[in-house]
């Protein structure tokens, strides 16, 4: 594989993203000459520099090497000056998903897909395999603490083992380019409304993703059938003697939430009958652990050893990540951006023993906000107090059918569901800091929620941080 990339020149537009930066790092490791650009600084940019890659800040057509293959993602708009120049020259364009599929084809692949939980489940697989000596290659949509060569966080790596674990992204259908040996589907729910018109369409795409795999692991709420002798493991978190757990092959039972957020449960089925302890709280993380253990079991790894390794799994950055304190209040940050994810995050936050749980939410994408405003507001109302910022637009503009969409829609829905609880409409991180900061005190828990840049609010509010 190194020979295939050696001598190739790759230029990444938007190189600082979680997925793009990981691909760039591995390409560099495998001998390619790598360049790229992005709009702003980030921890991913810092990691690229440490690896000897010098990204440009800002997009400029003159930055595109004329002899490079140009790697792009769906988030890169058609009018990006570097993309325009590459097309004018007739340079080879490679979608991020195509490059990921090329790299994944070189190893035995466990690919983790699903609407929610795929980053954490992929990270759990990588963590367990590394802990048990398998040394996998891995690609994550987030940062896993301790996974870098020097113990620093990492979102990708090219180990010497035979296996590769990769997060499979359905947002732009690029996961259909992968050919996994083991396919894991954590759950299935309609999201990414600008790409998928219906749950039926999305379900068919997931079925296509899973078809070539020899083994399929999926939540009991995923209504896909195994095909052609495919080994199938269905998992569920116990909720009684009826329902999904009653028909699942792998079940979490005897669940105990312990002080400080650690949870303990028994995993039974699919070669497992063992107690599992997790540092990361919440039933959603128990489900993620079942998905990971089921996938690794089908891949032939010792499930008991992998379960033991998860006791030290530190979690993924921006997944209920403790950022610090302010006036005795703990401040966390989480990437949740869908109602189901927000509900799971707030349920997990309750396990941390706070006097009050305060949620500051930044909606992500106008299309998602328009489609799910009511559900987002209802999920947020599980907090004691809620602050809602305006929409983080990412690749969208509030024009045409999205005109008039704003975070106020979510704030109004949260107020309707909050049963008298306080709801702030604060628009910006600065306004949120001014409103929330003075109210925080001993025993409170503030969690910033969203897939945009709301993490800067959390970082600015911690004692010693710079206000956003």
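For residue 39 and residue 108, the FRET efficiency from 1/(1 + (r/R0)^6), where r spans their Cβ atoms and R0 equals 41 Å, is about 0.65.
Comparing Cα centroids, the range 6-70 and the range 362-390 end up 34 angstrom apart. If both residues of a DSSP beta bridge must be in the chain, then about 25% of such bridges are antiparallel. Find how much the distance from residue 355 to residue 221 grows on full extension, using 0.36 nm per residue of separation minus their present alpha carbon separation; answer in nm with one decimal. This chain segment gains 44.9 nm when fully extended.
Each part reduced to its alpha carbon centroid, the range 275-309 and the range 146-193 end up 16 Å apart. Counting 0.36 nm for each residue step from residue 266 to residue 160 and taking away their Cα separation leaves a gain of 34.9 nm.
Give the residues of the range 424-454 whose amide nitrogen is closer than 15 Å to a point set 7 Å from the Cα of residue 327 in the direction of its Cβ. Inside the label zone: 432-447.
Per the Cauchy relation, a quarter of the hull surface: what is the mean projected area of the convex hull of the alpha carbons in the range 262-373, in nm²? Don't jump to the answer; show the numbers that get you there.
Working: hull surface 34.6 nm².
In nm², the orientation-averaged hull projection of the range 262-373 is 8.6.
Helical runs assigned H by DSSP (4 residues or longer) give the chain a calculated mean residue ellipticity at 222 nm of -9000 deg cm²/dmol, each run adding -39500 (n - 2.57) before division by the residue total. Length gained on full extension, residue 50 to residue 203, computed as 0.36 nm times the residue gap minus the Cα-Cα distance: 51.0 nm. From the coordinates of this entry, Cα Rg over 2.2 N^0.38 Å is computed, and it appears in (1) 0.96; (2) 1.03; (3) 0.90 under the label (1). Note on residue 374/residue 428: beta-carbon distance plugged into 1/(1 + (r/R0)^6) with R0 of 30 Å gives a FRET efficiency of 0.80. Shown here: the range 149-257, whose C-alpha atoms stretch 45, 38, 31 Å along the first, second and third principal axes, sorted largest to smallest.
None of the figures in this text is laboratory data; all of them are computed from the coordinates on show. What you see is a predicted model, and the numbers here were worked out from it, not measured in a lab. Don't worry about glycine lacking a Cβ; one is built from the backbone with ideal geometry, like all the others, and counts go over all protein chains shown.
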